[in-house]
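*Asks:* Quick one: this structure, given as structure tokens, is what I'll be asking you about.
The values are calculated or read from the model by the stated rules, or taken from the named source; none is laboratory data. Keep in mind that what you see is a predicted model, and the values were worked out from it rather than measured. We place every Cβ from the backbone using ideal geometry, glycine too, and count neighbours over all the protein chains shown. These area figures cover heavy atoms from the full protein model, side chains too; ligands, DNA and RNA do not enter into them. Shrake-Rupley method; radii C 1.70, N 1.55, O 1.52, S 1.80 Å.
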Amino acid sequence: MEPSPLKLPSTSRRDFITKSSLAVAAGGLALELGSARFAHGAEKDDTIKIGVIGCGGRGTGAALQALSTEGSVKLVAMGDAFEDSVEKAYKNLENSKGRDGQKLSTDRLDCPKERRFSGLDAYQKVLACDVDLIVLATPPGYRPVHFEAAVKAGKHVFMEKPVAVDAPGVHRVLDAVADAKKQKLAVGVGLQRHHEKKYIETIKRLQDGEIGDIIAARAYWNGGGVWDPRVTRDQTKSAMEYQVRNWYYYNWLSGDHICEQHIHNLDVINWVKNAYPVKAEGMGGREVRVDPKYGEIYDHHAVEFEYADGSRMFSYCRHIPNCWNSVSEHVHGSKGTANVGNGEIFVKGGDSWKYRGKGDGNPYQVEHDDMQASIRAGNPINEGYNGAMSTMTSILGRMATYGGKEVKWEDALNSKIVLGPSDAISWDTEPPAPVVAVPGQTKVV
């Protein structure tokens, strides 16, 4: 049975990671894999075979990190909508160095041309290969259908955040998460702060009451923005290809930058609160990215989220150059404050505390280490529920800014509005026409 939709699961990732690490330490790296799915042929093979779906920069990075874990692991299949992206990613991996500073050995990169696929159906071809673990790093709009298919195929999954762009997509992910639990499949979500000791230790202290009751929080992803549109319409064969190439600027593919990036900061405050918001109100718009080439997403959002206990999270994300920037999370309690990302706690009239750990490792690598260790220990991690709920938090925020009115969590989660076309899209499918939301007029729920 799933926990209450507004509460985090009682077993935190921290608890799980600790248990998983203990399990691995107890058995050593020679542990046999806990699932019969790794028994290949007459003798057991503990190699984790990886398939990557989505071969852009993040997908390539995630693949390298998945291949840089302890134990026997190899990349055996790759897929992307575009052939040039697949081949570029493969060459980058060929020339990349693992955590030992050495180039990836051919033992870990076993992905010949016949197992490198392109096209909008490339994910199906990767899933049809003999793979154990799938890395999903396509634009977020594809995530629900790809995740569903991967779980249905009985694969462990590491998927990047956010895990959906609309409420119906979140429900599809939640259903697949439940299916994955039944099958004892691992589900990792790219909210890597949960694998960063600084965050883990700081948030434990906050949850233990070091600064009293949490009254308010501030969360920021303020920066200059991301890449400009990569191609013009004249350089593409169809409107669908044009939008997919420039996916960040279309809501049905990215969810807007409040979902695509700011989810990290919103997720941290949910973690501190051990809960999800009950409602939100906000404002936003397009101040500098007004050219039609920037699709329909806003360049700034400001949202006030409210939790069930009446506490608030003030959330700001912005993509405008030459302004004050911050990517951080701050918490205000009845007895003090905390800069969570810096690992700092300030107690009124008491001693301050700062995390002093060193050599904790790159959290983007650690999240793959932890996930694969859990698979080998026979106790697969499942981060899917929180990944879906923090995704829903960012969608709630977007609904609040686009609509310009208060939006309740239940209304947002029960929304039937689907942003994208049907699952069976082709390059000839007409994508949704970009429409910039007008607060006070746009229907969001």
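*Asks:* Summing +1 for each Lys or Arg and -1 for each Asp or Glu, what net charge is found among the other residues whose Cβ lies under 9 Å from the Cβ of Val268?
*Replies:* Local charge sum for Val268: -1.
*Asks:* Within straight cross-link reach of Lys408, meaning Cα distance under 24 Å, which lysines are found once same-chain residues fewer than 8 apart are removed?
*Replies:* Cα-Cα hits under 24 Å: Lys7, Lys161, Lys273, Lys279, Lys416, Lys443.
*Asks:* Need one word for segment 49-109: rounded, prolate or oblate. Basis is the Cα gyration tensor (sqrt eigenvalues a ≥ b ≥ c); a/c below 1.5 gives rounded, then a/b vs b/c decides.
*Replies:* Taking the square roots of the gyration eigenvalues as a ≥ b ≥ c, segment 49-109 is prolate.
*Asks:* So what is the relative contact order for the chain, in percent, with contacts set as C-alpha pairs under 8 Å and at least six apart?
*Replies:* 21 percent
*Asks:* Next question, about the same structure. Projected area of the chain, taken from the Cα convex hull and averaged over every viewing direction, in nm²?
*Replies:* Reported value for the Cα convex hull: 21.5 nm².
*Asks:* Under the rule a/c < 1.5 gives rounded, and otherwise a/b versus b/c splits prolate from oblate, where does segment 279-340 land using the Cα gyration tensor?
*Replies:* Verdict is oblate for segment 279-340.
*Asks:* Springs between alpha-carbon atoms under 10 Å, Gaussian network over the chain: tell me which of Gln235, Gln192, Gln65 tops the mean-square fluctuations.
*Replies:* Looking only at Gln235, Gln192, Gln65, the biggest GNM fluctuation is shown by Gln235.
*Asks:* Percent of accessible area on segment 327-445 owned by carbon and sulfur, 1.4 Å probe?
*Replies:* 51 percent
*Asks:* Under a Cβ-Cβ cut-off of 10 Å, what is the net charge of the residues other than Arg398 that fall near it, where Lys and Arg count +1 and Asp and Glu count -1?
*Replies:* So the environment of Arg398 carries a net charge of -2.
*Asks:* Can you compute the modelled spin-label distance between Val435 and Arg356, with each label point 7 Å from Cα toward Cβ, in nm?
*Replies:* 5.8 nm
*Asks:* Also: Taking the Cβ-Cβ separation of Asp175 and Lys348 as r and a Förster radius of 30 Å, what is the calculated FRET efficiency to the nearest 0.05?
*Replies:* In this case the efficiency is close to 0.05.
*Asks:* Val366: net charge of surrounding residues, Cβ under 10 Å, Lys/Arg +1, Asp/Glu -1, itself excluded?
*Replies:* Neighbour charge sum, excluding Val366 itself: -4.
*Asks:* Give the Cα extents of segment 72-228 along the principal axes, in whole Å, largest first.
*Replies:* That gives 58, 40, 38 Å along the principal axes, largest extent first.
*Asks:* Same structure, new question: Starting from 0 in steps of 5 Å, tell me what percent of the Cα-Cα pairs of segment 82-124 lands in each bin.
*Replies:* 5, 20, 27, 22, 14, 9, 3, 0
*Asks:* Still on this structure: Is the C-alpha gyration tensor of segment 382-445 telling us rounded, prolate or oblate? Criteria: a/c under 1.5 is rounded; beyond that, a/b larger than b/c is prolate, otherwise oblate.
*Replies:* Since a/c reaches 1.5 but b/c is at least a/b, the shape of segment 382-445 is classed as oblate.
*Asks:* Largest first and to the nearest Å, give the Cα extent of segment 196-317 along each principal axis.
*Replies:* Projected onto the principal axes, the Cα atoms of segment 196-317 cover 58, 31, 22 Å.
*Asks:* Cα extents of segment 156-233 along the three principal axes, largest first, in whole Å?
*Replies:* 53, 43, 24
*Asks:* Same structure again: Distance cut-off 26 Å, Cα to Cα: go down the list Lys198/Lys335; Lys97/Lys237; Lys74/Lys97 and report the pairs above it.
*Replies:* From the list (Lys198/Lys335; Lys97/Lys237; Lys74/Lys97), the Cα-Cα distance tops 26 Å for Lys97/Lys237.
*Asks:* Then there's this: Among the complete DSSP H segments of the chain, which ones combine at least 20 Å of alpha-carbon extent along their axis with a mean Kyte-Doolittle hydropathy of -1.0 or more?
*Replies:* Helices passing the filter in the chain: 13-27, 167-183, 384-403.
*Asks:* Taking 0.36 nm per residue of separation and subtracting the Cα-Cα distance, what length does fully extending Val327 through Ser238 add?
*Replies:* Extra length from Val327 to Ser238 when fully extended: 28.4 nm.
*Asks:* Tell me the mean residue ellipticity at 222 nm calculated for the chain from its helices only (DSSP H runs of n ≥ 4, each -39500 (n - 2.57), averaged over every residue, nearest 500).
*Replies:* -10000 deg cm²/dmol
*Asks:* Report the Cα centroid-to-centroid distance between segment 228-299 and segment 376-391 in angstrom, as an integer.
*Replies:* Segment 228-299 and segment 376-391 have Cα centres separated by 24 Å.
*Asks:* Hey, another quick one. So with the 1.4 Å probe, I'd like the accessible area per residue for segment 209-359, rounded to whole Å².
*Replies:* Per-residue value: 42 Å².
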